[in-house]
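See structure below.
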Amino acid sequence: GQQVMQIPQYQHVQEGEDFTTYCNSSTTLSNIQWYKQRPGGHPVFLIQLVKSGEVKKQKRLTFQFGEAKKNSSLHITATQTTDVGTYFCAGIYGGSQGNLIFGKGTKLSVKP
Amino acid sequence: NAGVTQTPKFQVLKTGQSMTLQCAQDMNHNSMYWYRQDPGMGLRLIYYSASEGTTDKGEVPNGYNVSRLNKREFSLRLESAAPSQTSVYFCASRKDPFGQPQHFGDGTRLSIL
């Protein structure tokens, strides 16, 4: 079946360092969404990317969608303790009724 | 505006017992979903309902049944609970099937002994 691979599984950074998580699909995605889950919480939608090569920014967060629409990344500049949580990408494939295929997530911890 | 409400928040069952997880949304969304989340596994889709009156299997439907009671409510039933079903269960809803963000409830933490 369709799978979205996400790396790394864990990332520990010092506050102020940058952080990047990567997602990859073996087949072309229609869209990709990103979610954040705080410890003990539920996933919260961050953004959706639709176009090939698309780049979107939200303050210190930069999201990219690859030219082939098979990979995506989330980069956080100068991490803060409020960035702690697990970041999930979720791919949508054409003809799938728009169901999300979640990556396994990257758990970010930030040391003050 | 409560969004997506799940009950109960916590539950402990014995193997073989049955129970129903409840989910209701007040956003007039058409589509609703049930996921399970296990450590290191991300979220896996159990069942979904693209619109009122329809339900379909997701990636991991075995051992579960669902009912889309009306547009607001989508329940998940475990007929004979097994320890492998120990997990955190999330309900989510979305306005339209394709390309819209999903809104999640707070989850039900279920332990089966």
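Bear in mind these aren't lab numbers, they're just calculated from the coordinates by the rules spelled out. Quick caveat: nothing in here was measured; it's all calculated off a predicted structure. Here Cβ is always computed from backbone atoms with ideal geometry, including for glycine, and neighbour counts include all displayed protein chains.
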Are there any pairs, at least 6 apart or on different chains, whose C-beta atoms fall under 6 Å, with the first in the range A:34-59 and farther than 18 Å from A:THR20 by Cα and the second in a loop (DSSP other than H, G, I, E, B), and if so, which? A:HIS42/B:ASP106; A:HIS42/B:GLY107; A:SER52/A:GLU67; A:SER52/A:LYS69
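For B:SER31, are the conditions met, namely being more than 10 Å from the chain's Cα centre (by Cα), more than 13 Å from chain A (Cβ to nearest Cβ) and touching a residue at least 60 places away in the same chain (Cβ under 8 Å)?
Values: more than 10 Å from the chain's Cα centre (by Cα): yes; more than 13 Å from chain A (Cβ to nearest Cβ): no; touching a residue at least 60 places away in the same chain (Cβ under 8 Å): yes.
When the stated conditions are applied, B:SER31 does not pass them.
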Which residues, counting only those in the range A:29-70, are within 13 Å of the chain's Cα centre (by Cα), within 9 Å of chain B (Cβ to nearest Cβ) and of a type outside the set (A, V, I, L, M)? A:ASN31, A:GLN33, A:TYR35, A:GLN37, A:PRO43, A:PHE45, A:GLN48
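Residue by residue, here is whether (1) outside any strand (DSSP E or B); (2) exposed (fewer than 14 other Cβ atoms within 10 Å of the Cβ) holds:
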{"position": "A:ILE32", "(1), (2)": "no, no"}
{"position": "A:GLY41", "(1), (2)": "yes, yes"}
{"position": "A:GLY53", "(1), (2)": "yes, yes"}
{"position": "A:LEU74", "(1), (2)": "no, no"}
{"position": "A:GLY98", "(1), (2)": "yes, no"}
{"position": "A:LYS107", "(1), (2)": "no, no"}
{"position": "A:VAL110", "(1), (2)": "no, no"}
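So, B:VAL88, is that one surrounded by 15 or more Cβ atoms within 10 Å (Cβ to Cβ), free of Cβ contacts under 8 Å to residues at least 40 places away in the same chain and touching a strand residue (DSSP E or B) at 6+ places or on another chain (Cβ under 9 Å) or not? Even if it seems obvious, please write down each step before you answer.
Working: surrounded by 15 or more Cβ atoms within 10 Å (Cβ to Cβ): yes; free of Cβ contacts under 8 Å to residues at least 40 places away in the same chain: no; touching a strand residue (DSSP E or B) at 6+ places or on another chain (Cβ under 9 Å): yes.
Considered against the rule, which asks whether it is surrounded by 15 or more Cβ atoms within 10 Å (Cβ to Cβ), free of Cβ contacts under 8 Å to residues at least 40 places away in the same chain and touching a strand residue (DSSP E or B) at 6+ places or on another chain (Cβ under 9 Å), B:VAL88 comes out as no.
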Subset of the range B:56-113 that is in a loop (DSSP other than H, G, I, E, B) and among the β-branched types (Val, Ile, Thr) - its residue that is farthest from the other protein chains (Cβ to nearest Cβ): B:THR86
Per the filter on the range B:70-84, residues in contact with a strand residue (DSSP E or B) (Cβ under 7 Å, 6 or more places away or on another chain) and either under 22 Å from B:LEU13 (Cβ atoms) or among the polar types (S, T, N, Q) (or both) are B:GLU73, B:PHE74, B:SER75, B:LEU76, B:ARG77, B:LEU78, B:GLU79, B:ALA81, B:ALA82, B:PRO83
Residues of the range A:56-70 being assigned to a strand (DSSP E or B) and either basic (Lys, Arg) or out of contact with any strand residue (DSSP E or B) (no Cβ under 7 Å at 6 or more places or on another chain) (or both), which ones? A:LYS56, A:LYS57
Anything in the range B:42-55 that is touching a residue at least 40 places away in the same chain (Cβ under 8 Å), part of a loop (DSSP other than H, G, I, E, B) and either crowded, with 22+ Cβ neighbours inside 10 Å or more than 8 Å from chain A (Cβ to nearest Cβ) (or both)? List them, or say none. B:SER51
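For residues that are more than 10 Å from chain B (Cβ to nearest Cβ), more than 12 Å from A:ASN31 (Cβ to Cβ), out of contact with any helix residue (DSSP H, G or I) (no Cβ under 7 Å at 6 or more places or on another chain) and touching a residue at least 40 places away in the same chain (Cβ under 8 Å), tally how many sit in the range A:87-112.
Going residue by residue through the range A:87-112, those that are more than 10 Å from chain B (Cβ to nearest Cβ) are A:87, A:91, A:93, A:95, A:106, A:108-112.
After this cut, where a residue has to be more than 12 Å from A:ASN31 (Cβ to Cβ) as well, the list is A:87, A:95, A:106, A:108-112.
Adding the requirement that they be out of contact with any helix residue (DSSP H, G or I) (no Cβ under 7 Å at 6 or more places or on another chain) leaves A:87, A:95, A:106, A:109, A:111.
Checking which are touching a residue at least 40 places away in the same chain (Cβ under 8 Å) leaves us with A:87, A:106, A:109, A:111.
Going through the range A:87-112 one residue at a time, the tally reaches 4.
Which residue out of B:MET32, B:MET19 is within 17 Å of B:PRO101 (Cβ to Cβ) and among the hydrophobic types (A, V, I, L, M, F, W, C)? So that I can check it myself, show each step before the final result.
Values: B:MET19 fails: within 17 Å of B:PRO101 (Cβ to Cβ).
Unique residue meeting the criteria: B:MET32.
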Just to be sure I understand, how many residues within the range A:7-28 are within 12 Å of another protein chain (Cβ to nearest Cβ), closer than 25 Å to B:ALA92 by Cα and part of a strand (DSSP E or B)? 1
